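What follows draws every value from the coordinates through simple rules; no lab data is involved. Please read all numbers here as calculations on a predicted model, not as lab measurements. We place every Cβ from the backbone using ideal geometry, glycine too, and count neighbours over all the protein chains shown.
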C-alpha cells in the first residue's frame, strides 16, 4: 500500500518536471526569437528613424530600470510599472503558497 503511494508520487513528480522543462524551453525559444526579430527590424529600419530602448534587470527582488533615446522616459515608466506589478504578484503568490501549508 505504501509502495503504491510512493510510485504515484514519483510518476507525478516526473510528469510535472517534464512540464516545467518544456515551459522553460518554450520561454527560452520565445526570448531567442524576440531577439532575432529586434535585430532584423533594426537592420531593415535604415538610418531614417530614431531608436529608443528600455531595460529592466531583476537582481533578486530589486528591479533596476534604465533606458536611452528620445522615448526612453516612457519605456522606463512602463518597465518600472511592469516590475512593480511582477514584484506584487510574486508577493501575493508567495503568501498564498505559504498559507496553504
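Between residue 53 and residue 92, the C-beta separation translates, for a Förster distance of 25 Å, into a calculated FRET efficiency of about 0.25. Packing here is the average count of other Cβ atoms within 10 Å per residue, and on that basis the peptides 19-32, 66-79, highest first, run 66-79, 19-32. Prolate is the label for segment 50-101, because the ratio a/c of its alpha-carbon gyration tensor axes (a ≥ b ≥ c) is 1.5 or higher and a/b is greater than b/c.
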